[in-house]
């Protein structure tokens, strides 16, 4: 099975508060809660400068901390960890470009925008558009379309 | 309120979020939420129609509440209403709510589908994208039914905007995964494949995911994508770091697209078209070269993106497993990463090397990194890296390094994280068994394992050590002694007591001669542990005691005393009580003969797959993959069992080769058929069965009934190869014709000829007696791995051979790939009513497929140098067994099939040969140098071949010839 994709993407802070959750495959509520709990428990206690990859059940977990927020993705067995790390980074860049110096508060108060940006970048766990420019254009377009 | 809201600020929402954040307690938060829910509910139910903005705001609040982890049971209808709004942001929030909150079997689906349909046909690209996103996010069967035929049309239509195409491609992929039956590509196939050529990089990036998925299901229909992918890849790889503008990521051109292309290629075998393949190899080389170039940026993103492509390229190289040059380069590259300062790279290098270790081309190269990997196991700060190191050690283990690796893993176990101990224990147990050269080492290792990590030693592990000790009489005494010593420890693990009880019960007599381990001492030692053990272990010990009574009559009184005491005979546990009562009775009424029969030594267990291996395979998680790969890999029987030929019954083989203990002794017996086929079928359950039997009579009775004691193989089975079979084989390495075998009844002659990778062998069976041979049958078999290396076909022979007559049989032989074992020839016939059954090795050796190659001195040395990797060379220094006469040696070398080259070696005493081995799958170039030392009566033989297994095998074969 060689297609690659993310199974989920979670954003949570150092206190273990979940800020964003995106599921790319159908996942029951119960399972979601379990994954969220396990990821927070697995990732938060990790020392700084350890490696960004973990195994959890049959998934590869890739996470990275940006300021107070942890970005954490679950990958299928065949996926490329380094590239997933850059998926996280590109998402941070896109948020940053849109909000300008993005911080956790931006994501709290504009959670819907964070979802929209993610949708412009990923679809069904696959990279939809890697160009920062293209994603940004569609976000700006959306903003000018309002009212 | 912070000024962070952007775009269409919804003030009410921001206030609400602030309120929630200001809540001091969970209770306050819930209170605030409930207030808000009540407010929203009343607004939704109110008489006044809400405007779009308010609806959007309340739906958004509901969404926020849901994302905080609270249940939301209303508002869906309002969200669906938003879908038909003409305002983009209202529509957008509606779709977001649906994507997050609507599960696939909602009754709203029909309404939602209607809205989606309208947006898809709106020709407004932003609306279309929103609709496609919603389909991809929900991805239900109903949606697939409604849209699976529409989306391919959007995807390939000429006037579709690029951004819509991208969304359509991934949306279709999503539907295909949920409902492959509904997505019919048929007519669209070639147009979809040609999206690989699209001008727009974003379209290619999205489309390639779809193509990869589809081509896994229908590789033939999509196979044109291979050449398109290669040329696209080639264009990216050779582009300058700024050519691709916004698709360049930190100076790396299109990393996502490159990786996806490389992944797509992994769905297919190497391209058949030479030009395409050449181009691809060039790409892979470029990627490997780039890894050595100085970085264009110090940013970690640059190196991550670059290395992501590199790792994907290495995966492809491993997937092809056919380019030794690239494999070795990949391995060297990973070797560099093993010591990289980036932890991530060390982690990934260890992970990738695991797969590389199972390729026969690179296994040796991986092994050279053993010290680094061991060091990683000891010094890495991060447990996830240490775990990868342990996995890699397991994958790279073979006979040559097993002792070192097992020792390192054992010492790591003492400090290993609890989460991985059980798996480590299984791995150590498997390696110890698989590569045990001597059984005492195996026994030591397992007992150490129990000592260090007793809690993590599963039943399978200690069952297995007992099976092996029972089956190998050369280790029983040692096992008894070792386990006796281990039990001396004041605190020993219960698993140790189990092993001890079982082994001393069976083989305690082997050490009873020493007064320090006299029967009574043994008994007291075991019994000192009794009270600390659980019920099943106590039951086992009681069985050991009754065996003691049989083995050592002098312990009878003491043991009966123990059995008779209230804590046994009136034990509240029914199993223990029953055993105590029955054993006591048995020991007092049965005669010694009866007792001896009932408690006879356990018969050998049937050879079978290790249940430990089965357990590890079952265990989800890392390493499980590498086990299967390890098992499948050719190394296992090829190299690991060395030159030892594998007969139908390894244990018999080992016994007959007693003088050379035994690189070939196959402890696992993984592939060999069970000699006692009517034994209980379920692996691993056997011991449980014995233990759980109610009483001794019942248990050993049951064993008897199962035919356990009749361990002699049924006579119709092929006999094990003759002990001299190897010798007979050696006679024919340098010649093709002669008498293969002769006894008082039968003579077998051989004539054979070989051309390229094909051979024909004539076998002549002569009846030396005056009496007819009846039911004369011959069977040629390629045991184990050999089947896939050599193809031997034979016609059946006449079942009657008259006295004094000779019959002929023709064999056609095809060499598929290089091999080490020899095919077996089994002959059965009745002579005067008695069944004769004998097995020989057919003298088909790899050198038969040589084509001589003439070359000049200069060429020879150039090629010699090219084959300079350590594993390509095999060398042996040995004493001359035959005449060292020049002519004799020359004749043998010519018989070998290589060209004997004159005037090549500066020393005229030396012999130099060259040849190519022709197999169906490949040609293997071989160079040979034989340096005689007449004074010392010694030779030095050196072989260099393009394939290491061939060097090794030829060296083994030839060392017997001179």
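Derived value for chain B: Kirkwood hydrodynamic radius 34.5 Å. Basis is the mean of 1/r over every pair of different alpha-carbon atoms.
Rounded to the nearest 0.05, what FRET efficiency is calculated for residue B:577 and residue B:474 with R0 set to 45 Å and r the Cβ-Cβ distance?
Efficiency, from the Cβ-Cβ distance: 0.70.
Summarising the label geometry, the points placed 7 Å from Cα in the beta-carbon direction at residue B:182 and residue B:830 lie 6.9 nm from one another. Compared with the alpha-carbon gap, the fully stretched path from residue B:292 to residue B:415 is longer by 40.6 nm at 0.36 nm per residue. Pairs of Cα atoms nearer than 8 Å and 6+ residues apart set the relative contact order; for chain B it is 5 percent.
Just the C-alpha atoms of segment B:721-773: what Rg/Rh do they give, with Rh taken as the Kirkwood radius? Dividing the radius of gyration by the Kirkwood radius yields 1.04.
Summarised in one figure, the compactness ratio Rg/Rh of the protein assembly as shown, Cα atoms and Kirkwood Rh, is 1.05. Packing-based ranking of B:486-497, B:36-47 yields B:486-497, B:36-47, ordered from highest to lowest mean Cβ neighbour count within 10 Å. In the distance distribution for segment B:423-500, Cα-Cα pairs more than 14 Å apart total 56 percent.
Per-residue shielding of B:171-178, expressed as the average number of other chain Cβ atoms within 10 Å of the residue Cβ, stands at 3.
For chain B, the longest principal axis of the Cα atoms and the long axis of helix B:857-866 meet at an angle of about 60 degrees. Round to the nearest 10 and give me the degree value, 0 to 90, for the angle of helix B:519-530's Cα axis relative to the longest principal axis of chain B. So the helix axis and the longest Cα principal axis differ by about 10 degrees.
Computed extension length for residue B:593-residue B:521: 23.4 nm, one decimal, from 0.36 nm per residue of separation with the Cα-Cα distance subtracted. Angle of helix A:81-99 to the longest C-alpha principal axis of chain A, folded into 0 to 90 degrees and rounded to 10: 30°.
Of all the C-alpha pairs in segment B:724-844, what % are more than 19 Å from each other? Value for segment B:724-844 (Cα pairs over 19 Å): 45 percent. Simple spin-label estimate for residue B:282 and residue B:886 gives 5.2 nm between the two label positions (7 Å along the Cα-to-Cβ direction from each Cα). Over segment A:6-146, the alpha carbon radius of gyration divided by the compact-protein estimate 2.2 N^0.38 Å works out to 1.02.
Against the empirical curve 2.2 N^0.38 Å, the C-alpha radius of gyration of segment B:847-961 lands at a ratio of 0.99. Using the Cβ-Cβ distance between residue B:920 and residue B:857 with R0 set to 25 Å, the FRET efficiency from 1/(1 + (r/R0)^6) comes to roughly 0.20.
Taking every residue in A:128-141 and counting other chain Cβ atoms within 10 Å of its Cβ, the average works out to 6. Each listed q (0.14, 0.16 Å⁻¹) maps to a log10 I(q)/I(0) for segment B:478-532, found by the Debye formula over equal Cα scatterers with no solvent: -0.29, -0.38. Relative to the current alpha-carbon distance between residue B:371 and residue B:770, full extension at 0.36 nm per residue lengthens the span by 137.0 nm. For peptide B:125-131, the mean count of partner chain Cβ atoms within 10 Å of a residue's Cβ comes to 2.
When the alpha carbon gyration tensor of segment B:10-76 is reduced to an equivalent ellipsoid, the three semi-axes, largest first, read 21, 13, 11 Å. Evaluate E = 1/(1 + (r/R0)^6) for residue B:39 and residue B:11, where r is the Cβ-Cβ distance and R0 equals 22 Å; express this FRET efficiency to the nearest 0.05. Computed FRET efficiency for residue B:39 and residue B:11 comes out at 0.90.
Rg then Dmax, both in Å and based on the Cα atoms of segment A:51-120: 12.9, 37. Translational diffusion coefficient, Stokes-Einstein: compute it for segment B:823-872 using the Kirkwood radius over C-alpha pairs as Rh, at 25 °C and 0.890 mPa s, and state it as an integer in µm² s⁻¹. It comes out at roughly 158 µm²/s.
Packing-based ranking of B:26-35, B:185-194 yields B:185-194, B:26-35, ordered from highest to lowest mean Cβ neighbour count within 10 Å. Radius of gyration over Kirkwood radius for segment B:129-181, both on Cα atoms: the Rg/Rh ratio is 0.94.
Taking each DSSP H run with n ≥ 4 as -39500 (n - 2.57) and averaging over every residue of chain B yields -16000 deg cm²/dmol at 222 nm. Computed with the Debye formula from one identical point scatterer per Cα of segment B:374-599, without solvent, the log10 of I(q)/I(0) at q = 0.09, 0.16, 0.17, 0.18 Å⁻¹ comes to -0.42, -1.05, -1.14, -1.23.
Every number here is computed from the coordinates shown, using simple stated rules; none is lab data. No experiment lies behind these values; they were computed from the predicted model shown. When we count neighbours, we look across all protein chains shown, and the Cβ atoms used for this are built from the backbone with ideal geometry, even at glycine.
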